[in-house]
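Asker: Here it is, the structure in full.
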Amino acid sequence: MRLWIYLIMSETVQKSRVSGVKIAIAAIPGLLIVAVIVALWLGVRNSGEEVRPPMQGEVTVEEMVDYLVKVENLVGERSIRTEEGRKGMKAVGAMTESLLGPLNLGYQVESSQLDSEGGLLWKTLTVTAGNEELEEVVVVAMPLAGSASALVFGYGFAEYLTSHRPEVGVRMVFYPPLESGSFGSWIWERSKKEGEVLKGVVRVLGGGPEGHFAAVDGVSEGLLEILKRKEWDGKVQVGEREGGVVEVRVLDDRGVSRERRAGRLMRVMPLVKDFVERLGQ
């Protein structure tokens, strides 16, 4: 009798342990997202600045390094091909909405869910900067997956535009890795509003050369004039393709310190702003 009671109790304990493990595993994605949001909130609290929408301020190397740490260490893998990568995609989506939103940079973040993969819908996140009254818009697009530097550039550029406001309309777009066909048409379909006209697309990617501020491709004659200015001449690698979507490739982690990467990303922000203003004319 005692043996029978012992076996029943042992089996109950084992089932309880298995159930507990299953619950813990199921809770991991949610806990990861919560951890990212809490880390962002603490960053705002620790900054010592009043939280106000919209915020205006200068981007700092410390902020950019902090963004890199959060994306690379706290979020980790970001893809839609693996379970771990999908957890990272959900976490970085929540992080992007929180960072750009009213409690941080002060933007109104909008989202669309036109893309599905693996039985899930994936968000494209957009914010409007520059002259919000204009219906002519230049899109600046950053991938939520892939290069951490490209994504972090988008965070920093969003803050940069709060104090260096262009006269043209700007739509900043953070998109999942599901583009197909013509990138310009694809990204505009996910970011346009009724009555708007697309003036140009600047796509920020990783893979830039270590010896230059950035590499650019798809530049028109007007954009080449910008690159001939003293501040950019010889400091930006220029590709041979002309027209269409302008690609800006920024420096990735190739044994380079985060501080150096952060500084390099900040040097590219005025260039992208110059591109945006010329495209928007």
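Asker: Please work out whether the stretch 117-166 counts as rounded, prolate or oblate from its C-alpha gyration tensor, where a ≥ b ≥ c are the square roots of the eigenvalues and a/c under 1.5 means rounded, while otherwise a/b larger than b/c means prolate and anything else oblate?
Answerer: Numbers: a/c = 3.19, a/b = 1.55, b/c = 2.06.
Oblate, because a/c is 1.5 or more while a/b does not exceed b/c.
Asker: Another one. Roll a 1.4 angstrom probe over the protein heavy atoms and tell me the percent of accessible area of the stretch 84-226 that is carbon or sulfur. Please report the intermediate quantities before stating the final value.
Answerer: Details: 2340 of 5170 Å².
Within the stretch 84-226, the accessible surface is 45 percent carbon and sulfur.
Asker: Another question, if that's okay. Could you tell me the center-to-center distance, by alpha carbons, between the stretch 66-84 and the stretch 127-194 in angstrom?
Answerer: So the separation of the two Cα centres works out to 21 Å.
Asker: Would you mind computing, in nm to one decimal, how far apart the modelled labels at Ser185 and Asp253 are, each placed 7 Å from Cα along Cα→Cβ?
Answerer: 3.7 nm
Asker: Quantify how much of the Cα-Cα distance distribution of the stretch 56-198 extends past 25 Å, in percent.
Answerer: Here the long-distance tail beyond 25 Å is 25 percent of all Cα pairs in the stretch 56-198.
Asker: Looking at Asn131, Met89, Ala141, which one has the Cα that reaches farthest to the positive end of the dipole of the stretch 51-169 (charges on Cβ: Lys, Arg +1; Asp, Glu -1)?
Answerer: With unit charges placed on the Cβ atoms, the residue in question is Met89.
Asker: Quick one: compute the contact order of the stretch 116-260, relative version, from alpha carbon pairs under 8 angstrom and 6+ residues apart, as a percent. The partial results should precede the final answer.
Answerer: Details: 262 pairs, mean separation 39.9, N = 145.
Once normalised by length, the contact order is 27 percent.
Asker: In the neighborhood of Lys193, defined by Cβ-to-Cβ distances under 15 Å, what is the net charge if each Lys or Arg adds +1 and each Asp or Glu adds -1?
Answerer: Details: positive: Arg171, Arg190, Lys192, Lys199; negative: Glu110, Glu132, Glu133, Glu135, Glu136, Glu189, Glu194, Glu196.
Charge balance in the 15 Å sphere: -4.
Asker: Among all the lysines, which ones have a C-alpha under 19 Å from Lys70's C-alpha, if same-chain residues fewer than 8 places away are not counted?
Answerer: Lys87, Lys90
Asker: Hey, how much of the P(r) for the stretch 184-281 falls beyond 16 Å, as a percent of Cα pairs? Could the numbers behind the result be given before it?
Answerer: Values: 2704 of 4753 pairs.
Tail fraction, whole percent: 57.
Asker: Give me the number: length gained by fully extending Glu194 to Glu136, i.e. 0.36 nm times residue separation minus the C-alpha to C-alpha distance, one decimal in nm. Could you put the intermediate results ahead of the total?
Answerer: Numbers: separation 58, 0.36 × 58 = 20.88 nm, distance 1.13 nm.
That pair, Glu194 and Glu136, stretches by 19.8 nm at full extension.
Asker: While we're here: Would you work out the charge dipole size for the stretch 119-247 about its Cα centre, treating the Cβ of every Lys and Arg as +1 and the Cβ of every Asp and Glu as -1, and quote it to the nearest 20 debye?
Answerer: Values: 13 positive and 19 negative charges, 59 e Å.
Charge dipole, the stretch 119-247, about its Cα centre: 280 debye, nearest 20.
Asker: Next question, about the same structure. If contacts are Cα pairs under 8 angstrom and at least 6 residues apart, what is the relative contact order of the stretch 117-192 in percent?
Answerer: Details: 107 pairs, mean separation 34.1, N = 76.
It comes to 45 percent, rounded to a whole number.
The values are calculated or read from the model by the stated rules, or taken from the named source; none is laboratory data. In this text the structure is predicted, and so the values were computed from the model without any measurement. Please note: Cβ atoms are built from the backbone with ideal geometry, for glycine as well, and neighbour counts cover all protein chains shown. The accessibility values were calculated without ligands, DNA or RNA, using every heavy atom of the protein model including side chains. Shrake-Rupley method; radii C 1.70, N 1.55, O 1.52, S 1.80 Å.
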